[in-house]
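Down below is the structure, laid out as structure tokens.
The values are calculated or read from the model by the stated rules, or taken from the named source; none is laboratory data. Remember, it's a predicted structure, so these values are computed and weren't measured experimentally. So basically every Cβ, Gly included, is an ideal-geometry build from the backbone, and we count neighbours across all protein chains shown.
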Amino acid sequence: MSAANKQTVFSGAQPTGQLTLGNYLGALKNWVAMQDEYDCIFCVVDLHALTVRQDPKALTEQIYDLAAVYLACGLDPDKSTIFVQSQVPAHAELAWILSTFTQMGELERMTQFKDKSLRHRNNINAGLFTYPTLMAADILLYNTHKVPVGADQKQHLELTRDVAVRFNGAFKPVFEVPDPLIATTGSARVKDLQEPNKKMSKSAESDLAKVMLLDEPKAIIKKFKKAVTDSKGVIEYDEENQPGVANLLNIWCAATNNTLHTALDHFSHNMYGKLKVESAEAVNAILTPVQERYKEISSDRGELQRILSQGAIAAEQRAEEMMVKVVDALGMPPRLRKQK
Ligand code: ATP
Ligand code: LTN
């Protein structure tokens, strides 16, 4: 199928530090699988990362690092558009416009805003509050049909849809109204290994809580062995009463592409030790090749920059086509930038 007949997919992650197994199983693994069927656009959302204070030198490294991880996981610049958000200024421009179509009350309800303002009490900046309007701009700029994300992003996607419908209703149908694509299995919400009621997050303080994509195999085994379970001693799937065991089962399923049914068949009548070790081994089997590719890709910064510039040029052209329609709908003078 040619790109013209394919539906468009957009997704992104923030360059706020190394990715976790949660990012991989909840997002990246699914992105890679969509590249043939969809016209895919994958972004390093560096403007979003500014909502938490970043050191400039570290931010540069984190941006290239994340792009290298994208490629190492299997995102392919020959199939998909891969770029850095700040290199396409239309994202920030449309975000401003969309912020005027978003109510304060809607933004106040966002759980990510509430969580992050609790964690960064001395820097509750306006960008943290309007974060979802920038995310809506990312998505709506490209006539996106599908947005593959982890379950934590569902609320932001609902807001994006509401804003698109509101704008279209006020003027004319300019934006495609996107659908979220959230896995129905446990991989959409990988949990913290120490506090299995919380999502596994890059920014968790405890090292044992999160498995990083670039962790050494030995460290991964150690983290799984120390994962918090319970005192029941039976392997059953019960998210409420045995969240730690449920999380390990979900991770094993996602890493081996097995169903929960198979997992329960395989592990019932066993002790937690076997579940922990086999989950760690399954994770190592998928991460080791990613780590090898990452080493190779990140050693050539020039090539990485070339790929990202090529992606940004392609993205910019598409974004500009949308901005032409947006300013027209709003009644503002035509864009001066040349269309290619
Ligand atoms: P932070 O933890 O710093 O808030 P994050 O990892 O949640 O960051 P991103 O890097 O922007 O944020 O997330 C990239 C993608 O990974 C998103 O699609 C998000 O839904 C997904 N994701 C993040 N954590 C998990 C998790 N624990 N389980 C499943 N998917 C996740
Ligand atoms: N908020 C998202 C990252 C993100 C995103 C997007 C995801 C920014 N813009 C557009 C999908 C589509 C997160 O995962 N924390």
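Of all the residues in the range 132-159, those that are in a loop (DSSP other than H, G, I, E, B) and within 13 Å of ligand 1 (Cβ to nearest atom) number 2.
For every residue, the table says whether it meets (1) assigned to a loop (DSSP other than H, G, I, E, B); (2) closer than 16 Å to N284 by Cα; (3) within 12 Å of ligand 1 (Cβ to nearest atom).
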| residue | (1), (2), (3) |
| --- | --- |
| E205 | yes, no, yes |
| K218 | no, yes, no |
| K222 | no, yes, no |
| G233 | yes, no, no |
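Filtering the range 160-201 to residues that are under 30 Å from A319 (Cα atoms), within 13 Å of ligand 1 (Cβ to nearest atom) and either part of a loop (DSSP other than H, G, I, E, B) or of a type in the set (D, E, K, R) (or both) leaves I182, A183.
On the basis of being of a type outside the set (A, V, I, L, M, F, W, C), part of a helix (DSSP H, G or I) and within 16 Å of ligand 1 (Cβ to nearest atom), does E106 make the cut? No. Candidates A27, A72: the one that is closer than 27 Å to W252 by Cα, small (G, A, S), part of a helix (DSSP H, G or I) and away from ligand 2 (no atom under 15 Å from the Cβ) is A72. Residues in the range 78-103 that are β-branched (V, I, T) and in a loop (DSSP other than H, G, I, E, B) were compared, and the one that is nearest to Q153 (Cα to Cα) is T102. Count of the range 103-155 residues, restricted to those that are hydrophobic (A, V, I, L, M, F, W, C), at pLDDT 95 or above and within 9 Å of ligand 2 (Cβ to nearest atom), is 6.
Can you confirm whether V32 is closer than 21 Å to L214 by Cβ, at pLDDT 95 or above, more than 12 Å from ligand 1 (Cβ to nearest atom) and among the β-branched types (V, I, T)? Yes; evaluated as a whole, the condition is true for this residue. Filtering K79, K6, K57, K29 for residues that are buried (at least 17 other Cβ atoms within 10 Å of the Cβ) and of a type in the set (D, E, K, R) leaves a single hit, K29. Of all residues in the range 298-340, those that are among the basic types (K, R), closer than 30 Å to G74 by Cβ and in contact (Cβ under 8 Å) with a residue 24 or more places away in the chain total 2. The set of residues from the range 116-131 being surrounded by 14 or more Cβ atoms within 10 Å (Cβ to Cβ) and assigned to a helix (DSSP H, G or I) comprises K116, S117, G127, L128, F129, T130, Y131. When V69, V84, V52, V88 are checked against the criterion of being over 28 Å from L208 (Cβ atoms), within 16 Å of ligand 1 (Cβ to nearest atom) and touching a residue at least 24 places away in the same chain (Cβ under 8 Å), V84 stands alone in meeting it. Within the range 45-62, being within 14 Å of the chain's Cα centre (by Cα) and aliphatic (A, V, I, L, M) holds for V45, A49.
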